[in-house]
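Visitor: First the structure, then my questions, so here it is.
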Amino acid sequence: MRNPHNSVVSIVLLSTLMGFSIACSHRSSSDASRPSDEKITKDIQDKVATDPDTQGSEVKVASKEGKVKLRGKVKTPTAQKKVEQIANEEPGIAGVEDETTVESEAASSQPLAPVAAAPPPVEKPKPQPIVVPAGTVLTVTTGQALSSKTSQTGQTFLATLAQPLSVDGRPALPRGATVSGTVVNAKAKGKIKGAGELSLALTSVSVGGHTYPIQTAVLSNTTKGKGKRTAATTGGGAAGGALIGGIAGGGKGAGIGALVGATAGFIGGSATGNKQIELPAESALSFTLEAPLTLPPPQE
């Protein structure tokens, strides 16, 4: 008589063997239908090279037993997603491992090159002051009448610069600049004896709202005796100046002027007989600087 226990064991073993056989059959069938790794690799690479979104990407594809690995660089995140999509849609794959990087991300991960320090700004040279040298002649026009009889020693008089002044091509003093002077000596001529004298010098010039002291040679005129007259410049200057006025010569005065050489000047005035030295308003006088005049640079 057969043992029921043995029958049961036999049935279990038979079932197990049949299941294993079926599984192996399915596996063999699946392996046979899956494309080779070489075909998977080539298909994915071809699709990446031709797709508009992924053209130009430097992607390397490797496949082993259907498992695909992607490496390399793509230009944009969109291209990266499209490469992964192409790989996942490939028939017969067993999985995708994406190790690609976006070029901009790769560049940002690299250390930045040190930025060279900007060169220091080049400073413009500061404008230099203007120095009017000693010996320069200043021609002015008086704003009032002056006389050996009516003017007082120490009296201040005003004048304006008759001509503009430049130094080495740089404007220094404009025409019309206000000039101040002083009566160094004023002495009326006596009727019988005693010389008449009128001596003048400039003391300052005003320009641009500022006043600058100046030192000039003294311009002096003296009358002695009847009809005699002398004129000279004192104070150490080499060149004198000229006063333009009227000289009586048997009638009305005649205008004379100007700079005579570089040694002396003339003061024109009524100096005949017992008349005094008279200098009318708007007379032109030329004075010589005895010391340099320093002015600030012109405003640009």
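The values are calculated or read from the model by the stated rules, or taken from the named source; none is laboratory data. Quick caveat, the model's predicted, so the values are computed rather than measured. Neighbour counts run over all protein chains shown; Cβ positions are idealised from the backbone, glycine included.
Visitor: Is it true that some residue in segment 154-168 is hydroxyl-bearing (Ser, Thr, Tyr), within 31 Å of the chain's Cα centre (by Cα) and under 18 Å from THR294 (Cβ atoms)?
Guide: yes
Visitor: The conditions are (1) surrounded by 13 or more Cβ atoms within 10 Å (Cβ to Cβ); (2) within 30 Å of LEU295 (Cβ to Cβ), and LYS126 fails exactly one of them. Which is it?
Guide: Only one criterion is unmet by LYS126, namely (1).
Visitor: Continuing with the same structure: Can you tell me which residues in segment 31-59 are under 21 Å from SER104 (Cα atoms) and surrounded by 14 or more Cβ atoms within 10 Å (Cβ to Cβ)?
Guide: Scanning segment 31-59 gives VAL48, ASP51, ASP53, THR54, SER57, VAL59.
Visitor: Further question: Considering only residues that are without any contact (Cβ under 8 Å) to a residue 24 or more places away in the chain and within 55 Å of the chain's Cα centre (by Cα), look in segment 73-87 and name the one that is surrounded by the most Cβ atoms within 10 Å (Cβ to Cβ).
Guide: Only one residue tops the list, namely GLN80.
Visitor: Does LEU198 satisfy being closer than 21 Å to GLU282 by Cβ, more than 45 Å from the chain's Cα centre (by Cα) and at pLDDT 50 or above?
Guide: In short, yes.
Visitor: Identify the residue in segment 207-216 that is over 12 Å from GLY181 (Cβ atoms) and surrounded by 15 or more Cβ atoms within 10 Å (Cβ to Cβ) and, among all such residues, is nearest to the chain's Cα centre (by Cα).
Guide: VAL207
Visitor: Further, regarding this structure: Is segment 85-99 home to any residue that is in the same structural domain as THR203 (by TED's automatic domain parsing), among the hydrophobic types (A, V, I, L, M, F, W, C) and either modelled with pLDDT under 85 or in contact with a Ser or Thr (Cβ under 9 Å, 6 or more places away or on another chain) (or both)?
Guide: So the first thing to find is which residues in segment 85-99 are in the same structural domain as THR203 (by TED's automatic domain parsing), and the list is none.
No; the residues of segment 85-99 include none that is in the same structural domain as THR203 (by TED's automatic domain parsing), among the hydrophobic types (A, V, I, L, M, F, W, C) and either modelled with pLDDT under 85 or in contact with a Ser or Thr (Cβ under 9 Å, 6 or more places away or on another chain) (or both).
Visitor: Starting from segment 34-59, take each residue that is at positive phi and in a loop (DSSP other than H, G, I, E, B) and list its partners that are crowded, with 17+ Cβ neighbours inside 10 Å and aliphatic (A, V, I, L, M), counting only C-beta distances under 9 angstrom and pairs at least six apart or across chains.
Guide: Partner pairs satisfying both residue conditions: GLY56/VAL74; GLY56/ALA79.
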